[in-house]
Structure formats: C-alpha cells, structure tokens
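Presented below is the structure to which this report refers.
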Amino acid sequence: GSRGGQIDPEPLEGLDVVVHLAGEPVSGGRWTKERMVRVRESRVESTRLLALAVSQLRKPPGAFVVASGVGYYGDRGDELLAEDAGVGSGYFAELTRDWEAAAEPARLAGVRTAHLRFGVVLGATGGLLRMLRPWHALGLGMIAGPGSQWWSWIGLDDAISALLHAMADDSLSGPVNVVSPHAVTAQE
C-alpha cells in the first residue's frame, strides 16, 4: 500500500510480475484543471512510487508491466503511426511521456519493463460503449469533435490477452501498442 508518498516494497518481494493499471478515469465528468492534475498524478506519481519500490527489492520481479496510452502520439491527423513515431504534443502526449518515464527506476534496476499503450478499450459491459449506448439508443448520442479524428481501439478481451502476453513474454519490453489492426474515425 501507499503511505504518504511511499510504497511498502515488502509485499512485492518475490513476485514474478508487477502489473500497474491504476489511474483516475479520463472519461466521464467535467474536464477541469483540478481533474487534469488528478489524472496526471494518479498515473505519473503512482508509477514512480511503484517503480522505486520495485527497484529496491532484494528479489525483484521478472517484469514490470505498466498501462500507458496511445495519447503518447498526440493528434497527428492521417499520419500512420507505430511505436517508434515519437512523442506528440498536447496534454495527453506529455502526460504519457512522463507516465512512461516514471517507470525508469525499475528498468534501470534490470527489471524488464513494458508500457502497454492502450487505445480506447471497448467492451459490451463497460468502458466507453457502456457510457455511450444509452444515449445513442435514445437518439441523443453525439460525436465528440468533427468525427473525422482517428480512434485507435481494442476490444476488452483482446486487451486482456495483450496484458497476459506482456506478462509472460520475456522478450517484450518498452512501448507496445495495444490496439486493433485498423483505427476508425470517431464517426465510424
């Protein structure tokens, strides 16, 4: 657990893999300056604390798998992007850059570190679809922005499979895009 900006590393001792998926949700609610700070701190600071704890273990895990996001790339219009595209600009790009950098203590300690850059995760019982479905069923659904912006997405089952793969595959480290093979526009 976390206590006053610290994580007790003892419960992590001897684990095979440490997975960190926590963070303040970005969907739902007003997007205020305070919320932007909470979203950032919940990702960057928690990852930093956990990475520091992992780096101090006598018997560190074989892997540190951390959630991340395709927001890393920023809005690049119709440009086709891969993991090596480099960081974009804007709030989400800067947040994700710092989020991934916060895991550096674990990597420097020799722990295989993978950053799962999730796209929008879609599932019938949760996430974005659960929030949008009632509005669209009533004919009140709307598209954020012009509708032409690209959404990299992944089905919930595939996202879980990618997570399990990242935990088990010793050759996997660094950024991993967890998205379907084909992005769609927000309108689609």
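The values are calculated or read from the model by the stated rules, or taken from the named source; none is laboratory data. Here the structure is a predicted model, which means the values were calculated and not measured. Quick reminder, even Gly has a Cβ in these numbers, built from the backbone with ideal geometry, and neighbours come from all protein chains shown. The area values use the complete protein model at the heavy-atom level, side chains included, leaving out ligands, DNA and RNA. Shrake-Rupley method; radii C 1.70, N 1.55, O 1.52, S 1.80 Å.
Side notes on the structure shown:
- Subtracting the Cα-Cα distance of Met36 and Asp98 from their residue separation scaled by 0.36 nm leaves 20.9 nm.
- Here the stretch 1-109 exposes an accessible surface that is 52 percent carbon and sulfur, computed with a 1.4 Å probe and the other protein chains kept in place.
- Placing a pseudo-label 7 Å from each Cα along the Cα-to-Cβ vector at Leu108 and Asp169 gives an inter-label distance of 2.8 nm.
- Global geometry of the stretch 1-71, whether rounded, prolate or oblate, following the gyration tensor of its Cα atoms and the 1.5 cut on a/c: prolate
- Under the combined filter of DSSP loop state and at most 14 neighbouring Cβ atoms within 10 Å, the stretch 1-98 retains these GluC sites (Glu not before Pro): Glu13, Glu79.
- Taking 0.36 nm per residue of sequence separation and removing the Cα-Cα distance, the Lys59/Glu13 pair yields an extension gain of 16.0 nm.
- Counting charges near Gly71 (Lys, Arg +1; Asp, Glu -1) among other residues having Cβ under 13 Å from its Cβ returns a value of +1.
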